[in-house]
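Novice: Please read through the structure below; I'll follow up with questions.
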Amino acid sequence: MNIMNKQNRVWKFLSSIKLAISLLAIIALLSLIGTFIPQNEDPSFYISKYGDSGYRALSNMGLTDLYSSWWFSLFLVLFSINLTACLLSRFSLKSRSMGTLISHISILVILTGALIGMLFGQKGYVRIAEGEEINSFISRDKEINLGFSLRLDDFIYSENIDPKERLLVYSGKGQEPIAGIPTEVGTESEIANTGYKVKILRYLPDFAMDMSTKEVASRSAKANNPAIEVELKGKDGTRQTFWTFARFPDIHQKITGDLDFVYQWANRQPKDFISKVTVIKDGKEMLSQDIRVNFPLTFAGYTFFQSSYDDEHLNWTGLKVVKDPGVGVVYLGFGLLILGLCIRFYISPFMGGTTKVKEEK
């Protein structure tokens, strides 16, 4: 009898709604932590953000790969056991309960798919320079061979220009500008009623000039010394070009005697960054595609997500690599969930109503 009582107590504990709520709260809290701490990034990312000691602490606790940690998987297993016990103790195979039963089974299937992905999936990060090919990545301190190569053909970066950014044009000793010209490259605008036109030829975030060759280039992608090259079209059709500097407004050539130009720069934000890649297998180019945020590349079970880039020189891209064998099981679970909800809210009420009419007759 004591053994039976103990078994009953264990079963009641496992099938307890309070246990389910507690486990859900713990899983939600851990998931919340995972949203605040970026997951599966390159070690250099964590070191730059949290320091070397902070990175080691996060790594040792499994917080840089939280969803694949053994303790997170343990809570999912416990919740699956709890949910199974609840199903066995509370539901029957009656037609009116089928929708609810299938819905709860679907949650178990989704959890199973998630566990398969955590235990047998692969996640990592690769950094590829322009023109470089990679055929492997590191996942859980192990080198994983892709079975194919990925080449970065080009990396394209663009920025959003703040509406406040303008090339201001002053006339004579006026305190207010007579025109505010948009600074997007290629833009051509007239300067009020002066008869002059200006065109934005180039934008350099970090202007530098080689004094020996007089060639101009950007030292980096960071806005250390923003400058734009401007073409001025005169009333008689003549053209002149000059540079204006955001941080040094007085350093530019005096183009006309009655016009002054001031580059009013505003903090530009990343608009898009695109990795143009080619998949190569057995020496053959199999696929070419652009990888951008929310538009990954999938090939041979691996998915490549745009993650980071070289914000100094724009010479390399950082991609997250994911292989999740549990995705199909998760999709099956969502399909069962939709089926269960349809039965519960549409089919079961109809069947119940039909039965009641028959009984009244």
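Novice: Ser53 - would you say it is assigned by TED's automatic domain parsing to the domain that holds Lys12, loosely packed, with under 15 Cβ neighbours inside 10 Å and under 23 Å from Leu336 (Cα atoms)? Full working, then the answer.
Specialist: On the way: assigned by TED's automatic domain parsing to the domain that holds Lys12: yes; loosely packed, with under 15 Cβ neighbours inside 10 Å: yes; under 23 Å from Leu336 (Cα atoms): no.
It is false that Ser53 is assigned by TED's automatic domain parsing to the domain that holds Lys12, loosely packed, with under 15 Cβ neighbours inside 10 Å and under 23 Å from Leu336 (Cα atoms).
Novice: From Glu143, Glu159, which residue is within 30 Å of Gln39 (Cβ to Cβ), in contact with a strand residue (DSSP E or B) (Cβ under 6 Å, 6 or more places away or on another chain), without any contact (Cβ under 8 Å) to a residue 60 or more places away in the chain and surrounded by fewer than 18 Cβ atoms within 10 Å (Cβ to Cβ)? Before you say what the answer is, go through the steps one by one.
Specialist: Working: Glu159 fails: without any contact (Cβ under 8 Å) to a residue 60 or more places away in the chain.
None of the others qualify; the one that does is Glu143.
Novice: Looking at Ala227, Ala217, Ala179, can you tell me which residue is closer than 30 Å to Thr317 by Cβ, surrounded by 14 or more Cβ atoms within 10 Å (Cβ to Cβ) and of a type in the set (Gly, Ala, Ser)? If you could, list the steps in order and put the result at the bottom.
Specialist: On the way: Ala217 fails: surrounded by 14 or more Cβ atoms within 10 Å (Cβ to Cβ); Ala179 fails: closer than 30 Å to Thr317 by Cβ.
Just a single option satisfies the conditions, and that option is Ala227.
Novice: Looking for something in the same structural domain as Phe261 (by TED's automatic domain parsing), in a strand (DSSP E or B), in contact with a strand residue (DSSP E or B) (Cβ under 9 Å, 6 or more places away or on another chain) and within 28 Å of Gly237 (Cβ to Cβ) - is there at least one such residue anywhere in the range 213-223? Steps first, please.
Specialist: Step one: of the range 213-223, the residues in the same structural domain as Phe261 (by TED's automatic domain parsing) are 213-223.
Applying the additional criterion that residues be in a strand (DSSP E or B) yields 216-218.
Adding the requirement that they be in contact with a strand residue (DSSP E or B) (Cβ under 9 Å, 6 or more places away or on another chain) leaves 216-218.
This time we only want the ones that are within 28 Å of Gly237 (Cβ to Cβ), so: 216.
Yes, the range 213-223 contains a residue that is in the same structural domain as Phe261 (by TED's automatic domain parsing), in a strand (DSSP E or B), in contact with a strand residue (DSSP E or B) (Cβ under 9 Å, 6 or more places away or on another chain) and within 28 Å of Gly237 (Cβ to Cβ).
Novice: Enumerate the pairs (first residue in the range 317-329 and among the acidic types (Asp, Glu); second residue anywhere and part of a loop (DSSP other than H, G, I, E, B)) with beta-carbon separation below 9 Å, excluding pairs fewer than 6 apart on the same chain, so at least 6 apart or on different chains.
Specialist: From the range 317-329, the pairs are Asp324/Gly121; Asp324/Gly301.
Novice: Give the range 314-343 a look and list any residue that's crowded, with 18+ Cβ neighbours inside 10 Å and assigned to a helix (DSSP H, G or I), or say none.
Specialist: Passing the criteria: Val329, Val330, Gly333, Leu336, Leu337, Gly340, Ile343.
Novice: Please determine, by comparing only the residues of the range 235-246 that are surrounded by 14 or more Cβ atoms within 10 Å (Cβ to Cβ) and farther than 21 Å from Glu312 by Cα, which one is farthest from the chain's Cα centre (by Cα). Spell out the reasoning first.
Specialist: Taking the range 235-246 and keeping what is surrounded by 14 or more Cβ atoms within 10 Å (Cβ to Cβ), we get 242-246.
Within this subset, residues satisfying the condition of being farther than 21 Å from Glu312 by Cα are 242-244.
Working: Phe242: 39, Trp243: 36, Thr244: 35 Å.
That would be Phe242.
Novice: If only one of Leu332, Leu287, Leu297, Leu314 is of a type outside the set (Val, Ile, Thr), under 21 Å from the mean Cα position of the chain (by Cα) and at pLDDT 90 or above, which one is it? Full working, then the answer.
Specialist: Working: Leu332 fails: under 21 Å from the mean Cα position of the chain (by Cα); Leu287 fails: under 21 Å from the mean Cα position of the chain (by Cα); Leu314 fails: at pLDDT 90 or above.
Only one candidate qualifies: Leu297.
Novice: Separate question: Looking only at the range 152-165, which residues are in a strand (DSSP E or B) and more than 15 Å from Val321 (Cβ to Cβ)?
Specialist: Step one: of the range 152-165, the residues in a strand (DSSP E or B) are 152-160.
Within the range 152-165, Asp153, Asp154, Phe155, Ile156, Tyr157, Ser158, Glu159, Asn160 qualify.
The values are calculated or read from the model by the stated rules, or taken from the named source; none is laboratory data. Given the structure is predicted, the values throughout are model-derived calculations rather than measurements. Because the Cβ atoms are built from the backbone with ideal geometry, glycine has one as well, and the counts that use them run over all protein chains shown.
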